[in-house]
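Chemist: Can you keep this structure in mind? I'll have questions shortly.
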Amino acid sequence: MTPLRAFLLILILFASSIKSQPSKIMDAAGIKLAIEKLNVLGSVLYVAAHPDDENTAALSYFSKGKKYRTGYLALTRGDGGQNLIGAEKGDLMGVIRTNELVEARKIDGAEQFFTRAIDFGYSKSPEETIQFWGKENILYDIVWVTRKFRPDVIVTRFPPGGWNTHGHHLASAMLAVEAFSLAADSTKFPDQLDRVDTWQAKRIVWDSWLPFGQNFNGNLKDYVTADIGSYNKLMGMSYTEIAAESRSKHKSQGFGAQARRGSRTAYFKHLAGKKAESNLFDGIETGWNRLPFGEPALNLIDKLNQGFNSNNPSDSISDLLKLRKHLIQFRNNFWAVQKLKETDAIIQSCLGLWIEAISDDYSVAQGDSVNINFSLVSRSNANLKLIKIAFDQLYIEDLDTTIKYNLDYQFERKIAVNHDTPLTQPHWLNRYKKGWNFESSEDLTLPDINLLTAIFQFELDGKIIDFKTPVLYRWVDRVKGEKYRRLEVMPIVSQNFENDLYLTSDEEDLEVKLKVKSYKDNVSGKISLLTDAGWDAEPKYVLIELENKYDEQEVSFKIIKTNGETQVFVKAVASVDNLYSSSVKELQYDHIPYQSVIMPAETKIVSVNTAKVIDKIGYIMGAGDDIPDVLETLGYSVNILQADKLEQIDLSFYDVIITGIRSYNTETELKYANRYLLDFVKHGGRLIVQYNVSFGLATNVIGPYSFRISHDRVTDEVSEVKILEPNHSLFNYPNRITMNDFSGWVQERGLYFADQWDDKYETLISWHDTDESPKLGGLLYTKYGEGEFIYTGISFFRQLPAGVPGAIRLFVNLISQGGLND
């Protein structure tokens, strides 16, 4: 095998563990724990449906307490979830939540996996979920992860049936139980067997929270327990404390967690396989005795454990190299490969070896070049020599440099990036979607693999050893200190439309604007818009001249509807040295790595005829949504109001005030400021409160009269709708709402409806999912004083940005004063 191919093989093997920061060196306690873990050859795979479903206390206990190799398989990336920290939805939501999982795993020590399934929102039954996803598709992926990870024990977060909960949750358990047996069946998914072997886990259990809930008969014989609140003396933390830090990474779901201290019992109920009697690993050999070549490894590790010197970890290097030499002989063995990887990480930390590859910019365009500084410092007196550095497929150089104690070695090179180098993009978004699945591939089960990587090859006491690090851009924030983000390969130009959605009437021409941004110097060419038949764009093209990297040029076109459909997608195409049609979305949140996501350079235009009878709107943002942008596209003037400033504002200036989704969950000041909103209503204003979740409310007194928010929802976007009061102004002014206006909705009708309310409220819409009773609390209306109050769980936050004409017309009616029902 050539050196280049060897390096590329290492890159593939380690791709799933690459992080968007330099590899951290473990302290003495961390090294000691890692050495102890070398003696543990057991593994656990935890299975659930979404990001944030996992029990991080159990993961921490398995990984850092019992020192098992631990994985979390989330069937989806959470693409259909709500977003507490921003307005991202869909694919971008999936990117955020994937990164949150990766950050959580850095804390609790587990590894992260996925299937091809796309989160399509709340599902009321596992049967519906499995129908949407396709049973064989998801079973294939769970079996693949099981065969590749080879868990001794599989744990589900949810029961396989008998509970009234999210259909995704129950489906995750049902599919995991079935895959438990299928992974051992060589006739099932035989195409996998040229890359992995069949595998039979010993047992599968349900992490059942407490056994005293639904369906518990008082008999604990089917349960085994574990104290997941136990304390790790080397870490100075309990596993529940670690879990709180891990779970708090799920910020987009609002799952910041308080640390728990003290004993906490977890109950695991038997589902299939050989039943455990006293603990989850009954009858499972988790030491080196499970391997025929294990005794020498056990002896070497015992010596390492006994001789570890916390004041000078490098004393262990000689014995670590002996262990490494022994393991390399069995490189075709699953556990030898795993323990070899762990051994190398320990060696790097015992060396105090800091390696990094830092670029002079955060992006490089295809076909351009970038300066990268490869540097290292070794804080040991080991006999260490740098042989070469490999930068993906782009750069290899022989160095032959002896590394001395605590000296900073730097090697700066200008690296040319090929025109066909793949763009840095969340890899699953490069796959086409078929229904509620991404296109299947081996790497689809991994968090993200499209990271540029440098590999440093050393000679250590005459032995060749490689260490890897992601290629990063580093800067210093005056408040936050040292920050990193990945080096991204970008298209030469991007085109971002001013709006993702444009609304127009049949009679109006429409001006659309977009910004063209360069990712290299001296870019010139032209921009054109492609439209469907029946729509024209003028002019035919616009010339662009961008002198410097990151320069932007705004261009505009007129879109003319001639004889086309009421909805059209418009695509921007840049002709430079090639054709480019990419927009770039920046995700910049402090709890996950900064990241660019490349999306199609397109926008949606919808013809919707709706009257405009008011103008001035006040909007209190909640968890974040795009409704203010849509309203401005319709021509309204929208001011964003701060809840803690309402007392200082003359609210009578506004025709209507709207609270964004989950505002009463996120804006604690509404506990005190809500009275100003109700005074606004009392004196003639209209207040619209959009959905809030039923727990964690700033106040339970939201409306002028009492109502209770529930978990009621209608998940079927084509469910039958019944207008209960057809003559009500909300269905007639300024737009006449008919059944046609409830066509073409996306993902759901609504969520978190009211289920109890004062008689002074009018219920205006009835709808329900199949085999359910009518849900009436999705739209409550009442007069109060001289004004009007509305609570709505209708998912306008999804429908309006998607350009659903009927939902837009109905929302316009909600915000429009006048024509009150008698």
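The values are calculated or read from the model by the stated rules, or taken from the named source; none is laboratory data. Keep in mind that what you see is a predicted model, and the values were worked out from it rather than measured. FYI the Cβ positions are ideal-geometry reconstructions off the backbone, even for glycines, and counts take in every protein chain you see. Protein only, heavy atoms only, side chains kept; ligands, DNA and RNA dropped before computing areas. Shrake-Rupley method; radii C 1.70, N 1.55, O 1.52, S 1.80 Å.
Chemist: Is the shape of segment 186-342 rounded, prolate or oblate, going by the alpha carbon gyration tensor and its root eigenvalues a ≥ b ≥ c, with a/c under 1.5 for rounded and a/b larger than b/c for prolate?
Modeler: In terms of gyration-tensor shape, oblate.
Chemist: Please give the charge dipole size of segment 278-334, origin at the Cα centre, charges +1 on K and R Cβ atoms and -1 on D and E Cβ atoms. Round to the nearest 20 debye.
Modeler: The dipole magnitude comes to about 300 debye.
Chemist: Another question, then. Regarding the chain, what whole-number volume in Å³ per residue does the convex hull of its Cα atoms give?
Modeler: Expressed per residue, the convex hull around the Cα atoms of the chain is 183 Å³.
Chemist: For segment 60-129, rounded, prolate or oblate, judged on the Cα gyration tensor with a ≥ b ≥ c (square roots of eigenvalues), a/c < 1.5 rounded, else prolate if a/b > b/c?
Modeler: oblate
Chemist: Against the longest alpha carbon principal axis of the chain, how many degrees, from 0 to 90 and to the nearest 10, is the axis of helix 90-108 turned?
Modeler: 40 degrees
Chemist: Another question about this same structure. Residues with amide H under 5 Å of SER238's amide H, sequence separation 5 or more or different chain, H placed in the peptide plane at 1.01 Å from N; which?
Modeler: Those qualifying (amide H under 5 Å, at least 5 residues apart or on another chain) are ASN232.
Chemist: In addition: If you scale each eigenvalue of the Cα gyration tensor by 5 and take the root, what three semi-axes come out for segment 283-332, rounded to whole angstrom and sorted largest first?
Modeler: After scaling each eigenvalue by five and taking roots: 23, 14, 7 Å.
Chemist: If the limit is 29 Å between Cα atoms, which of LYS251/LYS722; LYS148/LYS233; LYS526/LYS604; LYS414/LYS517; LYS124/LYS269 go over it?
Modeler: Beyond 29 Å between Cα atoms: LYS251/LYS722; LYS148/LYS233.
Chemist: At 222 nm, what value in deg cm²/dmol follows for the chain if DSSP H runs of at least 4 each add -39500 (n - 2.57) and the sum is divided by all its residues, to the nearest 500?
Modeler: -6500 deg cm²/dmol
Chemist: Relative to the present Cα-Cα distance, how much length would full extension add between GLU285 and LYS404 at 0.36 nm per residue of separation?
Modeler: Contour length minus the Cα-Cα distance gives 38.5 nm.
Chemist: Also, I was wondering about something else. What percentage of the solvent-accessible surface of the chain, computed with a 1.4 Å probe over protein heavy atoms, is contributed by carbon and sulfur atoms?
Modeler: Taking all protein chains in place, the chain shows 46 percent carbon and sulfur surface.
Chemist: Charges only on Cβ, +1 for Lys and Arg, -1 for Asp and Glu: so what's the dipole of segment 431-551 about the Cα centre, in debye to the nearest 20?
Modeler: 800 debye
Chemist: What is segment 543-621 by shape, rounded, prolate or oblate, if you read a ≥ b ≥ c off the alpha carbon gyration tensor as root eigenvalues and call it rounded for a/c under 1.5, prolate for a/b larger than b/c, and oblate otherwise?
Modeler: It is oblate, given that a/c is not under 1.5 and a/b is not larger than b/c.
Chemist: Could you work out the equivalent-ellipsoid semi-axes for segment 252-310, taking the square root of 5 times each eigenvalue of the Cα gyration tensor, largest first, in whole Å?
Modeler: In descending order the semi-axes read 33, 24, 12 Å.
Chemist: Further, regarding this structure: Just want to confirm a number: the relative contact order over the chain, from Cα pairs under 8 angstrom separated by 6+ residues, in percent.
Modeler: Value for the chain: 10 percent.
Chemist: May I pose another question? What order do you get for 337-347, 26-36 when each peptide is scored by the mean count of other beta carbon atoms within 10 Å, highest first?
Modeler: Answer by packing, highest mean first, reads 337-347, 26-36.
Chemist: A further question follows. Rank-order 424-435, 682-693 by packing density, defined as the average count of other C-beta atoms within 10 Å over each peptide's residues, highest first.
Modeler: Output ranking for 424-435, 682-693: 682-693, 424-435.
Chemist: Across 10 Å bins from 0, what is the distribution of all Cα-Cα pair distances for segment 134-245, in whole percents?
Modeler: Here the calculated profile for segment 134-245 is 12, 33, 31, 20, 3.
Chemist: Now for a different question. With the calculation restricted to Cα positions, what are the radius of gyration and Dmax of segment 387-544 in angstrom?
Modeler: When restricted to Cα atoms, segment 387-544 yields Rg and Dmax of 23.1, 79 Å.
Chemist: If N is the number of residues in segment 548-698, what value comes out of its Cα radius of gyration divided by 2.2 N^0.38 Å?
Modeler: In units of the 2.2 N^0.38 Å rule of thumb, it is 1.37.
Chemist: Now for a separate question. If the viscosity is 0.890 mPa s and the temperature 25 °C, what translational diffusion coefficient in µm²/s does Stokes-Einstein give for segment 704-804 when Rh comes from Kirkwood over Cα pairs?
Modeler: For the chosen part, D equals 174 µm²/s.
Chemist: Same structure again: At a 10 angstrom cut-off on C-beta neighbours, averaged per residue, how do the peptides 378-386, 755-763, 483-491, 742-750 rank from highest to lowest?
Modeler: 483-491, 742-750, 378-386, 755-763
Chemist: Rounded to the nearest 5, what % of DSSP beta bridges with both residues in the chain are antiparallel?
Modeler: Looking only at bridges with both residues in the chain, the antiparallel portion is about 70 percent.
Chemist: Heavy atoms only, probe 1.4 angstrom, no DNA, RNA or ligands counted: give me PHE707, PHE811 ranked by accessible area, highest first.
Modeler: PHE707, PHE811
Chemist: Put +1 on the Cβ of every Lys and Arg and -1 on every Asp and Glu Cβ in segment 157-281; which of GLY273, SER238, SER208 then has its Cα farthest towards the positive end of the dipole?
Modeler: Ranked along the dipole, the leading option is SER238.
Chemist: Another question, then. Sequence gap at least 6, Cα distance under 8 Å: using those rules, report the relative contact order of segment 609-670 to the nearest whole percent.
Modeler: Once normalised by length, the contact order is 49 percent.
Chemist: Can I get the semi-axes of segment 20-176's equivalent ellipsoid? Compute them from the C-alpha gyration tensor as square roots of 5 times the eigenvalues, in angstrom, largest first.
Modeler: Values for segment 20-176, descending: 29, 19, 13 Å.
Chemist: Additional query: Need the full-extension length gain, LYS274 to LYS325, defined as separation in residues times 0.36 nm minus the C-alpha distance. One decimal, nm.
Modeler: Between LYS274 and LYS325, full extension yields 14.7 nm more.
Chemist: Please list, by residue number, everything in segment 252-278 whose backbone N is under 19 Å from a paramagnetic label point 7 Å out along Cα→Cβ of ASN219.
Modeler: Label zone hits: 267-278.
Chemist: Which order do ARG150, ARG260 take by accessible area at a 1.4 Å probe, largest first?
Modeler: From most exposed to least exposed: ARG260, ARG150.
Chemist: In segment 479-638, with Lys and Arg counted as +1 and Asp and Glu as -1 at Cβ, which of these residues, ILE559, ASN548, SER582, has the Cα nearest the positive end of the dipole, that is, farthest along it?
Modeler: ASN548
Chemist: Using the Karplus curve 6.51 cos²θ - 1.76 cosθ + 1.60 with θ = phi - 60°, what ³J(HN,Hα) values do you get for each residue of segment 291-300, in whole Hz, with x for Gly and Pro?
Modeler: Values, residue by residue: 10, x, 9, x, 4, x, 5, 4, 5, 5 Hz.
Chemist: Take every Cα-Cα pair in segment 195-278 and report what % of them are more than 21 Å apart.
Modeler: 50 percent
Chemist: Okay, next question. Name the long-range amide H neighbours of THR156: under 5 Å, sequence gap of 5 or more, or other chain; modelled H, no Pro or chain starts.
Modeler: For THR156, whose amide H was placed from the backbone, the distant partners under 5 Å are VAL47, VAL205, TRP206, ASP207.
Chemist: Report, as a whole number in µm² per second, the diffusion coefficient that Stokes-Einstein gives for segment 726-771 at 25 °C and 0.890 mPa s using the Kirkwood radius over alpha carbon pairs.
Modeler: In µm²/s, the coefficient is 187.
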